[in-house]
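Report on the following structure.
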Amino acid sequence: MIAAPKHNPNIDYAAQANNNMAAGKSNVPQGPASQKAIEAALKRAQQTGNLNLQGKGLKAFPSDICNFNELRLIDNFWEAYDLQKVDLSNNEIESIPEEIVN
């Protein structure tokens with residue numbers, strides 16, 4: 001299970017994440033996986049609580065995961081599941097951000 005990142009009350013994470021995604025500037029690293037595939041996986045995760053990014057060719061940890069609860073990818077965002085499981089296996093990720101490790 002992933003520990004929740006420290007929340008900074010001075011940052012509007014939802015607006016920041018949604019603006020980045022709308023502008024195609026998500027923090028998700030570019031690789032063989034398309035941005036649309038990553039967004040679809042994040043949307044499914046809000047509907048199920050399980051994020052599967054297995055074998056997507058990611059070279060770095062997708063920082064959108066750190067703000068997962070702030071993303072508004074489904075219409076009824078208040079019904080979104082908390083993130084319970086993340087599968088990043090078979091990627092080229094070399095490190096996990098400190099805020100996730102702790």
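Descriptive notes on the structure:
- Full-stretch length increase - Lys59, Ala37 - with 0.36 nm per residue and alpha-carbon distance subtracted: 6.4 nm
- Put simply, the amide H of Val86, placed in the peptide plane, has neighbours under 5 Å in Leu51, leaving out anything fewer than 5 places away on its chain.
- Available extension along the chain between Arg44 and Arg72 is 8.9 nm, counting 0.36 nm per residue and deducting the alpha carbon span.
- Highest mean first, the peptides 49-55, 76-82 sorted by other C-beta atoms within 10 Å per residue fall in the order 49-55, 76-82.
- Karplus-derived 3J(HN,Hα), 6.51/-1.76/1.60, for each residue of segment 45-56, Hz, glycine and proline x: 5, 5, 8, 10, x, 10, 9, 10, 10, 5, x, 8
FYI, it's all coordinate maths here, none of it is from the lab. On a predicted model such as this, the values are computed, not experimentally measured, just so you know. Note: ideal-geometry Cβ built from the backbone for every residue, glycine included; neighbour counts use all protein chains shown.
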